[in-house]
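The values are calculated or read from the model by the stated rules, or taken from the named source; none is laboratory data. Everything numeric in this text was worked out from a predicted model, so none of it was measured. Positions of Cβ are generated from backbone atoms using ideal geometry, with glycine treated the same way; all protein chains shown enter the neighbour counts. Areas reflect the complete protein model, heavy atoms only, side chains present, ligands, DNA and RNA absent. Shrake-Rupley method; radii C 1.70, N 1.55, O 1.52, S 1.80 Å.
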Amino acid sequence: MDLPEESPLLQPSRIERSNTVSAWWRSKSRDALSLLTVILLLGIGLGIWVYGTLPTSDQDEHPHEYALSTDRIREHLTQFLDIAEKYNNSRSVTNGHAASAEYVIAQLRAHGNCDVHVQHFVSPVWQVNGEPKMSVGGSVSINYIFETDFQIMRFGGQGATIEKASVAVVDNGGCTVEDASSVSGKVAIVHPSRKCSVFEAAFLLEQMGARAVIVVRSSRYKYPSRARARITDWKEGDPLMTIPVLSVTGSVGQLLESAAPTIHLDIEVDSNIEIAKTLNVICVGRTGDASNTVLVGSHLDSVAAGPGINDNGSGSASTLEIQLTLARIGFKPQNRLVFAWWGAEEDGLLGSRHFARVLAHGWSNRWTADEPTGVDWQDIALDLNFDMLASPNYISLVHNGTDAPEDARIGSQQIQRTFEDYFSRHKYPYQITDMVAGSDFLPFIDNAVPAGGILTGASELKSIDERREHGGLAQAPLDTCYHRDCDTLLNVNIVALRRMSRAAMYAVSKLSSMPNLRGFLAGEAPF
């Protein structure tokens with residue numbers, strides 16, 4: 001039977017209609033859920049892409065800088081000051097330096113990641129116990145003023161009292177026996193010469209029988225000199241002066257020379273030189289390529305006159321905390337890190353000179369055989385030097401790599417560039433300063449190892465233009481307490497300490513992470 005479409009017999013029942021709607025709804029729900037899932041996944045992917053393209057913070061880019069704690073550095077400085085207060089307010093070779101070294105060693109062994117070595121050597125220690133006196137009698141009678149008319153040169157012999165001594169004027173700088181032939185029993189007056197050093201002339205005059213040596217300073221200088229009358233890179237066994245060596249101004253020297261035949265001199269000096277045992281502390285990293293060693297140095301001693309919390313507690317405390325911080329965060333350098341805390345820097349860079357002499361030239365003393373450093377000279381790729389990082393009236397200074405000798409110049413320029421990158425990135429003002437003398441980079445560049453470093457200045461005056469750029473006080477020293485008893489915690493500029501210690505951390509972590517460090521130092525690999 002052919003039923004019409006409208007026939008009730010062809011219509012679905014209520015139950016059938018319900019099942020059809022449910023199936024349709026389930027199908028649409030699944031489609032919607034799938035669509036929502038796709039949208040969600042696309043959103044997550046888009047978010048990840050967008051986040052990855054957003055600029056990261058400086059802290060994300062350079063986490064090691066921000067891991068370094070200025071508060072912890074200040075805690076080390078507090079310990080250094082406590083040590084100084086127990087040793088005549090000083091951390092010099094014969095005062096608190098050894099205790100400072102013990103503190104550093106204890107910190108490294110408890111919290112560092114390195115093998116600790118010590119390197120003993122001896123240093124001459126010169127001390128003036130009272131104000132020197134000098135007067136002239138005879139045809140002229142004058143009592144000269146200490147530090148204005150005359151000065152005793154550093155390491156200028158043992159104490160002596162000389163009365164009514166005749167004067168001998170020495171020609172040609174006193175560099176030869178012929179020049180010094182007439183000085184026996186007299187006070188020799190000499191001008192510096194390019195033919196020999198002040199020490200070489202003074203020592204020859206002593207050997208020829210002079211009772212004292214007076215060095216006449218050029219008239220272009222207002223005051224007499226406090227330069228060292230000693231072999232510059234003195235080592236155990238080298239001679240030292242035993243007779244007084246004084247410096248006078250050009251005008252005083254002119255009078256003494258013109259009246260020499262008719263005058264006599266009275267000189268009284270209370271000084272002494274002793275030979276003291278001291279040490280370097282060497283911390284040799286346990287990871288990284290030893291053939292590309294990055295050496296990080298700072299001197300640990302102070303002058304006898306003060307505790308040296310800026311000079312150079314600031315540098316040595318910063319490098320100590322850098323080592324401890326890198327150990328704490330598990331830093332694994334591409335190139336081995338070696339940290340050094342030098343002794344006897346204030347006596348003429350004698351600690352770093354000893355290190356270079358032993359490693360670069362094979363020299364040894366009575367302790368060398370029993371005190372291996374774990375470092376070979378040819379493995380040292382570069383030296384970073386940190387000396388005075390918190391001067392109260394500071395300028396951020398970067399050593400000029402162009403000043404290095406030719407065989408260390410390109411690498412030193414690249415190190416300079418590394419520090420400049422830090423200051424430029426943070427938009428901190430900085431200046432370039434010379435790298436020719438005065439700190440522990442010298443034995444390295446003198447032996448073909450590139451070096452560089454940063455500092456905040458000593459007794460030099462800040463100009464008006466520098467004040468405009470760097471702040472602080474114009475016509476005032478960068479460190480008013482330089483080499484004085486007031487170089488305490490109150491002499492530390494915390495802003496400078498934070499800024500400069502982080503610059504040090506940046507350079508240390510950056511250079512020790514370079515995959516082609518030697519290529520970079522040769523100017524052949526990218527920054």
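Of the listed requirements (1) of a type in the set (A, V, I, L, M); (2) assigned to a helix (DSSP H, G or I); (3) open to solvent by 30 Å² or more (accessible area, probe 1.4 Å), LEU497 misses just one: (3).
In the stretch 216-256, which residues are open to solvent by 30 Å² or more (accessible area, probe 1.4 Å), hydroxyl-bearing (Ser, Thr, Tyr) and closer than 17 Å to GLY173 by Cα? Matches in the stretch 216-256: SER218, SER219. For the stretch 449-477, the set of residues classified as in contact with a Pro (Cβ under 6 Å, 6 or more places away or on another chain), closer than 18 Å to SER314 by Cβ and of a type outside the set (Gly, Ala, Ser) consists of HIS470 only. Kindly establish whether ILE322 is β-branched (Val, Ile, Thr) and crowded, with 24+ Cβ neighbours inside 10 Å. Answer is yes for this residue.
The set of residues in the stretch 336-357 being of a type outside the set (A, V, I, L, M, F, W, C), open to solvent by 10 Å² or more (accessible area, probe 1.4 Å) and either part of a loop (DSSP other than H, G, I, E, B) or over 26 Å from MET153 (Cβ atoms) (or both) consists of ARG336 alone. Among the residues of the stretch 257-275, those identified as open to solvent by less than 30 Å² (accessible area, probe 1.4 Å) and either within 21 Å of PHE199 (Cβ to Cβ) or part of a loop (DSSP other than H, G, I, E, B) (or both) are ALA259, ILE267, VAL269, SER271, ILE273.
Look through the stretch 82-106, keep the residues that are open to solvent by 10 Å² or more (accessible area, probe 1.4 Å) and touching a helix residue (DSSP H, G or I) at 6+ places or on another chain (Cβ under 6 Å), and return whichever of them is nearest to GLY374 (Cα to Cα). Checked the stretch 82-106; the qualifying residue nearest to GLY374 (Cα to Cα) is TYR103.
Condition check ((1) without any contact (Cβ under 8 Å) to a residue 40 or more places away in the chain; (2) part of a helix (DSSP H, G or I)) across all residues:
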residue	(1), (2)
GLN416	yes, yes
ALA437	yes, no
GLY452	no, no
SER459	yes, no
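Just give me the residues in the stretch 377-407 being touching a residue at least 60 places away in the same chain (Cβ under 8 Å) and either aromatic (Phe, Trp, Tyr) or in a loop (DSSP other than H, G, I, E, B) (or both), in sequence order. Selection gives TRP377, PHE386, ASP387, MET388, LEU389, ALA390, SER391, PRO392, ASN393, TYR394, ILE395, SER396. In a loop (DSSP other than H, G, I, E, B), in contact with a strand residue (DSSP E or B) (Cβ under 6 Å, 6 or more places away or on another chain) and not charged (D, E, K, R), is that true of SER182? Yes, satisfied. Checking the stated criteria, VAL303 turns out not to satisfy the condition of being hydrophobic (A, V, I, L, M, F, W, C), on the phi < 0 side of the Ramachandran plot and in a strand (DSSP E or B).
In this structure, PHE423 does not qualify as under 11 Å from HIS399 (Cβ atoms) and open to solvent by less than 10 Å² (accessible area, probe 1.4 Å). The strands (runs of 3 or more DSSP E) falling completely within the stretch 185-256 that include 1 or more residues that are within 16 Å of PHE155 (Cα to Cα) and either acidic (Asp, Glu) or in contact with a helix residue (DSSP H, G or I) (Cβ under 9 Å, 6 or more places away or on another chain) (or both) map to 212-216, 245-248. Selection of the stretch 68-81 for residues being part of a helix (DSSP H, G or I), surrounded by 15 or more Cβ atoms within 10 Å (Cβ to Cβ) and among the polar types (S, T, N, Q) yields THR70, GLN79.
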